[in-house]
Structure formats: structure tokens, C-alpha cells
Amino acid sequence: MSNPVKVNPDLQKEREKCTFNVIELTNVIDGGPQKTEERKKREDMVFKEGIHIDEVPSDYLSHKEKYELAVKKACLLFKMMRRLQEEENAGMENYMALLGGTLGTAILGDGSPLTLHYVMFIPTLMGQGTVEQQAYWISRAFNLNIIGTYAQTELGHGTFVRGLETTATYDVSTKEFLLHSPTLTAYKWWPGGLAHTANYCVVMAQLYTQGECHGIHPFIVQLRDEETHMPLPGIKVGEIGAKLGMNGTNNGFLGFDHVRIPREHMLMKNSKVLEDGTYVKATSSKLTYGTMMFVRVMLVQDMCNYMAKAVTIATRYSAVRRQSQLRPDEPEPQILDYVTQQHKLLIGTASVHAFRLCASWLWDMYNNVTAELETGDLERLPELHALSCCLKAIATSDAAACVERCRLACGGHGYMLASNLPLTYGLVTAACTYEGENTVMLLQTARYLVKAWHQSGAALPPTVAYLALARDTRLTHSQPWRNEVDAIVDGFQRIAAGKIALCVAQIEKREKSGMTYEDAWNMTSVQLTAASEAHCRAFILSSFQKETEKLVKTVSAPLRLVLLQLVELYAVYWALECVGDLLRFSSISERDIEGLQNWYEDLLVKLRPNAVGLVDSFDIRDEILHSALGAYDGRAYERLMEEAMKSPLNAEPVNQSFHKYLKPFMQGKL
Ligand SMILES: CCCCCCCCCCCCCCCCCC(=O)SCCNC(=O)CCNC(=O)[C@H](O)C(C)(C)COP(=O)(O)OP(=O)(O)OC[C@H]1O[C@@H](n2cnc3c(N)ncnc32)[C@H](O)[C@@H]1OP(=O)(O)O
Ligand SMILES: Cc1cc2nc3c(=O)[nH]c(=O)nc-3n(C[C@H](O)[C@H](O)[C@H](O)COP(=O)(O)OP(=O)(O)OC[C@H]3O[C@@H](n4cnc5c(N)ncnc54)[C@H](O)[C@@H]3O)c2cc1C
């Protein structure tokens, strides 16, 4: 942890109050002291290079300048990553650390034009290419001899992948595919890095061979000349324009006018087109969607990083900021002493721990299922798809809500770009849409839950096994409620099961009244998304509890106490948020709810002294936080003034517009 010269005295006192060893918790979060050391070493190395230092704050740059700076930074960062790869043979973890929410965004600011190359282009080559294709393309891609992206979404279709219009038609006479965009809506639209950065890309297109369409398949297409970077003939490529956030990512559009590529440029690990045009089917058409699943899994972890950052900024600032009066004749309190402020912030801290453990669980499941897929075993693919969809949706929407709550918790100063909360929000809220729009993701999970509901108990996969018990309606209200975490987890499973049961009944009723299944599904879809969210919340609660119970066996007594308090806080917070559902589906009573509320308020009191220690343990250095409000030393006011002085408007006492417009206007001469 950095050791600044002078720390704000309020913040210093907070640190003295902390009841557990902050470094111990940092080690737990990193996965052990050695991992902490490795992370710090990596950070030292990155920051020593000074890539993060901007001559002019990037907020004051033009759109074009922002892109150019983003390219420069990405090249320097990935050059370092390449060096790491060579020197230490560092694997996936380094990529994740360098591209993920904390270290990556500290350097790359508002997104990077090379992210898609690493996050989707290379993983698609790995997941969809044959061994020969991997041997040819991956080393070129790893070395950045070529830069790629993943072009799936079109102007007309993002969600409905089967509706994409770009065609890849096999010409048996030349053994080539013809890539074509038949309409304006067939133009690829959104891919990161596509506009002016990538010279290759994976294009998802409708495959036609022997006069038949076989659906969406991946193709590698060269977009630009490797020397001049000029777009190749038949390729129309450019940038889609300014966005709410992620303005460094160089999102682009792309149209094809009968562009020819060799047959070997179709990625053929799963499906194939033989030389004579014969189509060979994959074991499952859904394997084509593998890269999306990979990124959804990664996003859950990534969201923890953003939440940790936001809650660190807002908590430290809340310790430094004094406002209003709590008790007469006493000085203005730290705003962290307001219970409403604790309510806004501590749930953010608890959420980081909850999602971190779920993300790690999901990552393990992803790796196991992927290994099974390699052997042709597809059994657990639907369960993984269902879980990754709902966790992607809930992690991104909770993270966006958390960052926004943290921004609001910082009052006016949270609205300043210098707080780094607006930019963080822009990055996080994008994730609610990309990689599967959240409502659509929840409906994918709902589809799986409805099917699971109809299955017999014995056959239910682990993450939906609770349905078997809860399906027995006689049990629904029979258990007396207890104000314990176990009971809350059970309550959430009952909510999920109850909501799924109602959806199934509604769909059946609507079908009986003459609706098609599809219309009945659509009419019930608001309830279906709610059932899906409840299932996801039950999963998060139950794995947070189980994984923490395992974890606390290995830590000191003071830390154990705090970690268990965080689990309780998380569970009670969500119980109170969903109190109506608990009343409807569990045996909770009005009196129990009063008990829950008291329990919650007690927890806020217990956790209050550790609020700063808990965010310190995320160990996010100042260069990464990049926030005038959240720095380790708590010099929020001084930093706000320092940042204000960087505004180009402050470079001169009188702006030229005064002489040009204001003065003539004021004198009635304009
Ligand atoms: C290398 C280091 C990395 C470091 C990482 C650092 C951290 C990360 C940083 C991230 C930065 C990211 C930058 C931005 C990236 C954005 C990229 C994009 O958006 S790209 C664009 C992203 N675009 C999107 O995400 C588009 C969203 N849309 C879709 O994914 C799909 O079209 C759909 C799922 C909505 C429907 O598909 P459709 O074909 O109409 O399907 P039906 O509904 O008819 O269901 C049919 C059956 O298929 C099943 N099934 C479906 N999917 C899967 C699956 N994946 N699997 C298995 N199964 C699946 C389904 O359950 C059903 O089963 P059953 O019931 O019949 O048994
Ligand atoms: C910052 C950013 C980066 C991106 N990067 C890439 C990239 O690198 N590569 C790439 O290929 N794509 C990329 N995308 C595109 C992204 O994947 C899509 O925007 C996303 O999948 C949503 O699709 P859509 O835009 O078509 O939304 P739509 O599907 O048009 O969604 C609009 C509304 O319709 C609703 N809706 C749609 N279908 C259904 C349904 N079946 N049931 C109920 N409601 C429905 C949605 O819930 C939503 O409310 C990016 C997007 C963003 C914002």
C-alpha cells in the first residue's frame, strides 16, 4: 500500500479503528500473499513506465485525440504484456489483470481499441479454429502482427443472432467464400477496434453452400492492407461516432461488397465446408456462441473490479467529508456517520465479496464444462449457459446501480469527472447491453428454468436442485421463519421456485385459452424475468454463504467475524429489498420483518468502524482509482482544486469569447 506523506486526520482515525488486519484480507482477496506480491509487482512495473500519465487530462481532448491517445496507450500496455508473456510465460491471469476493470482501465481510461483483440478475437480463434488454423493465426495474433476484432452485431440485429444478414456464400469453382452485405441493416455495427484499428476480424455470417443456408458461422476476413492500413477493395469500414462512454474503444461499422476469402478462412473446429461444398454439421449449433459465453463469464469478475473502485472512492470520501449536524452543539459529522450513507455504501462492499466468490465459482464451472465439451460431452452446457446469462445480467445491473449510488453518495463532487465515477459508470452501464442485453439474458435463463421445472427431481442439475424441494407446494409455507442467513437463502429459493411455478401455470393457462406458446411466453415475460432474477439472487446468496464458510476456516478470528458480518449484511439487505416476495412465498411474518430491519441496522453499526478498512483491503492504488475524491491520503479538496486548475479554461484570466461575444452582447452591439 502506498504511504503518503500526510493523510487526512479523519481517514487516519478510521484506519486506527479497524478491527481486523487489512493486509490479511487483501491476501484473501488476491488468493494468497504470493498472489498479492505478484499483483503489486505487476502494478509497479506498469506504473513505472508512466503510461498512465497524461500531459493534458483526456477529458479535455477531442474525440479524435482521445482515440489517438487510446491507441498509443494500448500499444505501450500490450507491448509490456508481450514482454511479460515472453519473460515469465505469464498466462490468462495477466491478461485478465491487465485488461480487467482496475489496472486496465487505469491505463486505458475510457476503453481501449485493442481490448476486443484479446477478449474476443483471440478466444474465437482458440475456441472455433481447427488445430491447423490455430497454429497459423494465434501466434500472429498474440504477437500483434495482426490486430483483430469480433464482428457479429449489425445495424439491424444484435440480440437475434439468427437474424443476421451478412452472407458468406461458398463458390466451389474458386474454393472461396463471398462475403456480402445485402442491405444497409446488414452492415456490422459496434465491434470494438473495428473502425480504424483492426486489420483483420472474425465475421459472423450466414453460411450458404450448395444453395442452402446453414446459419451463423465464423470467418476470418482481412479488412486492411498490412502495410498501408488502407481498407481492401470491397470493404467499407469506419467509426460509428461518439457514445455515452467507452469513447476509446473505436467501435466501427463494416460492409462487404462481394469480398472473396479462401475456404480455409472459415473457422472449422465445429462445423465444416469441404472443398466440394459439402456441409458438415457441428455436434451442437450453439458451440458457435462459445466466445460470448466466455466473455459473459469474465464480465462477472470484471464487474467486481468496478464496484470495488467505486465503493473505495465513495467510502474514503465519506470519511473525509463533513456536512450538516447530527446532534445539536456538536461539530459537523463525517457523512459516513449518517446511517443512510452506510446503507448506500456497505452493500457495495459486501457485493464485491459476493460477486467475487460467485465469479470464481463460475470460472471453475466454465473451465470444467469447456473441458467436457472437448470430449464431446455437452450435458452441462445448458446449465452453464443459464447460469452465465443470469449472472452476467445481475452482476452488470447491480454494478451499474452500485456505481451510480456511489456517485450520488458523493453529492455534487461525485458529478465531477475528477471523481472518476462518471467515467466508471459509462464503462459499467455499457456492460448491461453488450455481450447480451440484460433482459434477453434473463429470458434465456428463464427458458432453462421453465424446462427444469418440468423435469423430475432426480435429474435436476445442481444449480436448480432446490426446485425439487420447493416444487412440493405443501412445503412452501410449512417451515417456520427464522431470522438467519440459512432461512433467507431458503426464502430466496422459495421465491424463485414460486415465481417459476406461477410462470409455468400462467403459460399453460394462456395456451389453454387459445394462445400459441410463443404469445403466452411473451405475455408472461415480465414475470419470467423476475423469476430468473430471483433464481440468480438465490444462487448468489447461497454461494456467497457457502464459499465464505469455507474461507473463514483459514483466516484469523477478527477477520472471520467481519467476513461473516458481510454475508449477513448482504443477505438481510436483499431480504428487505424483496420483502414483498418473501411475504408471498415464504412463512415470514410482519414481526419477522421488524426483526430483519433491526438486524440490518445492528449490522450497519457493527460494520461502520471497518468501513474504510474494508475498502482499503481492496488495495486499489491511487493511480488506478484515478479519483480526486478517493485517494489514499483523503486530500479530496486539495485534489479537486488541483484538477480544476488543469482545465484549459483556467490557462488565461479572460477568455477570447468575452471580447468576441459577451462584451458586444452586453453593450447591445451584437
Ligand atoms: C483473454 C483475457 C480476457 C480478459 C477479460 C477482461 C475482462 C472483460 C472485459 C470485457 C470487455 C468487453 C468489451 C465489449 C465486448 C462486447 C462484445 C459484444 O457485445 S459481441 C456481441 C454479443 N452479442 C450477444 O451477446 C447477442 C445476444 N444474443 C444471443 O446470445 C443469442 O442469439 C440468444 C441466446 C439471445 C438467442 O439465440 P437463439 O439461437 O435464437 O436461441 P434460442 O433462444 O432459440 O435458443 C436455442 C437454444 O440455444 C441455447 N443457447 C443459446 N445460446 C447459447 C450459448 N451461448 N450456449 C449454449 N446454449 C445456448 C438456448 O438455451 C436454447 O436451448 P434449448 O432451450 O433449445 O435447449
Ligand atoms: C459499448 C458496446 C460495445 C459493443 N461491442 C460489440 C462488439 O465488439 N462486437 C459486436 O458484435 N457487438 C458489440 N456490441 C453490440 C451488442 O452486443 C448489442 O448491442 C447487444 O447484444 C444488444 O443487441 P441490440 O443492440 O440489437 O439490442 P436490441 O435487441 O435491439 O434491444 C433493444 C430492446 O429490445 C429488447 N429485446 C430484444 N429482443 C428481445 C427478446 N427476445 N425478448 C424481450 N426483449 C427483447 C431488449 O431487451 C431491449 O430492451 C456492443 C455494444 C455496446 C453498447
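The values are calculated or read from the model by the stated rules, or taken from the named source; none is laboratory data. No experiment lies behind these values; they were computed from the predicted model shown. Heads up, the Cβs are rebuilt from the backbone with ideal geometry, glycines too, and the neighbour counts pull from every protein chain shown.
A few notes on this one:
- When the criteria are applied in full, Thr349 fails the requirement of being part of a helix (DSSP H, G or I), modelled with pLDDT under 95 and out of contact with any Cys (no Cβ under 7 Å at 6 or more places or on another chain).
- Note on the range 521-535: residues that are away from ligand 1 (no atom under 16 Å from the Cβ) and free of Cβ contacts under 8 Å to residues at least 40 places away in the same chain total 4.
- Subset of the range 99-110 that is within 16 Å of ligand 2 (Cβ to nearest atom) and in a loop (DSSP other than H, G, I, E, B) - its residue that is nearest to the chain's Cα centre (by Cα): Gly101
- Single unsatisfied condition, Phe20 versus (1) aromatic (Phe, Trp, Tyr); (2) within 25 Å of the chain's Cα centre (by Cα); (3) at pLDDT 90 or above: (2)
- Count of residues meeting criterion [more than 8 Å from ligand 1 (Cβ to nearest atom) and either of a type in the set (Asp, Glu) or part of a loop (DSSP other than H, G, I, E, B) (or both)] in the range 274-296: 8
- Listed by position, the helices (runs of 4 or more DSSP H) inside the range 551-670 whose residues that are buried (at least 18 other Cβ atoms within 10 Å of the Cβ) number at least 2 are 557-577, 579-585, 590-607, 611-616, 622-625, 636-644.
Results for (1) assigned to a loop (DSSP other than H, G, I, E, B); (2) within 11 Å of ligand 1 (Cβ to nearest atom); (3) among the hydrophobic types (A, V, I, L, M, F, W, C), shown as yes or no for each residue.
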site	(1), (2), (3)
Ser112	yes, yes, no
Val119	no, yes, yes
Met126	no, yes, yes
Gln133	no, no, no
Ile138	no, no, yes
Leu144	yes, no, yes
Ile147	yes, no, yes
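- Out of Leu384, Leu378, Leu417, sole residue that is modelled with pLDDT under 95 and surrounded by fewer than 24 Cβ atoms within 10 Å (Cβ to Cβ): Leu378
- Filter result for Lys175 (in contact with a helix residue (DSSP H, G or I) (Cβ under 7 Å, 6 or more places away or on another chain) and either closer than 25 Å to Lys272 by Cβ or of a type in the set (A, V, I, L, M, F, W, C) (or both)): yes
- Total residues in the range 298-327 satisfying the condition of being crowded, with 22+ Cβ neighbours inside 10 Å, out of contact with any Gly (no Cβ under 9 Å at 6 or more places or on another chain) and not polar (S, T, N, Q): the figure is 2.
- Checking Thr340 against (1) hydroxyl-bearing (Ser, Thr, Tyr); (2) closer than 25 Å to Val7 by Cβ; (3) free of Cβ contacts under 8 Å to residues at least 24 places away in the same chain; (4) in a helix (DSSP H, G or I), the condition it does not meet: (2)
- Residues of the range 241-260 classified as small (Gly, Ala, Ser) and either part of a strand (DSSP E or B) or within 13 Å of ligand 1 (Cβ to nearest atom) (or both), total: 4
- Within the range 376-470, helices (runs of 4 or more DSSP H) holding 2 or more residues that are farther than 24 Å from Lys499 by Cα: 381-409, 421-430
- Tabulated pairs, the range 18-33, first within 16 Å of Val552 (Cβ to Cβ), second basic (Lys, Arg), C-beta under 8 angstrom, 6+ apart or interchain: Asn27/Lys35; Ile29/Arg356
- Here Asp602 qualifies as modelled with pLDDT of 95 or more and either farther than 20 Å from Phe492 by Cβ or out of contact with any Phe, Trp or Tyr (no Cβ under 6 Å at 6 or more places or on another chain) (or both).
- The range 297-312: number of residues that are aliphatic (A, V, I, L, M) and near ligand 1 (Cβ under 8 Å from one of its atoms): 2
- Test: residue in the range 391-405 that is away from ligand 2 (no atom under 16 Å from the Cβ) and without any contact (Cβ under 8 Å) to a residue 12 or more places away in the chain: yes
- Subset of the range 464-474 that is surrounded by 13 or more Cβ atoms within 10 Å (Cβ to Cβ) and modelled with pLDDT under 95 - its residue that is farthest from Phe539 (Cα to Cα): Arg471
- Residues that are among the small types (Gly, Ala, Ser) and without any contact (Cβ under 8 Å) to a residue 12 or more places away in the chain, drawn from the range 617-665: Ala651, Ser657
- When restricted to residues that are among the polar types (S, T, N, Q), within 16 Å of ligand 2 (Cβ to nearest atom) and within 29 Å of His353 (Cα to Cα), the range 277-320 contains 1.
- Pairing residues of the range 435-451 that are closer than 28 Å to Trp189 by Cα and touching a residue at least 12 places away in the same chain (Cβ under 8 Å) with residues that are among the basic types (Lys, Arg) and more than 8 Å from ligand 1 (Cβ to nearest atom), at Cβ distances under 7 Å and at least 6 apart in sequence or on separate chains, gives Glu435/Lys392; Gly436/Lys392; Met441/Lys392.
- Residues in the range 146-163 that are free of Cβ contacts under 8 Å to residues at least 12 places away in the same chain and within 8 Å of ligand 2 (Cβ to nearest atom): 1 in all.
- Ala538 vs. criteria buried (at least 18 other Cβ atoms within 10 Å of the Cβ), without any contact (Cβ under 8 Å) to a residue 60 or more places away in the chain and of a type in the set (A, V, I, L, M, F, W, C): no
- Filter pass, Gly238 being within 16 Å of ligand 2 (Cβ to nearest atom), part of a loop (DSSP other than H, G, I, E, B) and either among the basic types (Lys, Arg) or under 20 Å from Ala74 (Cα atoms) (or both): no
Here is a yes/no grid of residues against (1) out of contact with any Pro (no Cβ under 8 Å at 6 or more places or on another chain); (2) among the polar types (S, T, N, Q); (3) within 16 Å of ligand 2 (Cβ to nearest atom):
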position: Ser456; (1), (2), (3): yes, yes, no
position: Ser513; (1), (2), (3): yes, yes, no
position: Tyr517; (1), (2), (3): yes, no, yes
position: Val526; (1), (2), (3): yes, no, yes
position: Ile540; (1), (2), (3): yes, no, no
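- Restricted to the range 153-222, the set of strands (runs of 3 or more DSSP E) holding at least 1 residues that are of a type in the set (Asp, Glu) and surrounded by fewer than 21 Cβ atoms within 10 Å (Cβ to Cβ) comprises 167-171, 176-180, 212-222.
- Top-ranked residue in the range 86-115 [being surrounded by fewer than 19 Cβ atoms within 10 Å (Cβ to Cβ) and modelled with pLDDT of 70 or more; ranked as farthest from Ala198 (Cα to Cα)]: Glu87
- Hits in the range 53-79 (condition: under 20 Å from Ser419 (Cα atoms) and acidic (Asp, Glu)): Asp54, Glu55, Asp59
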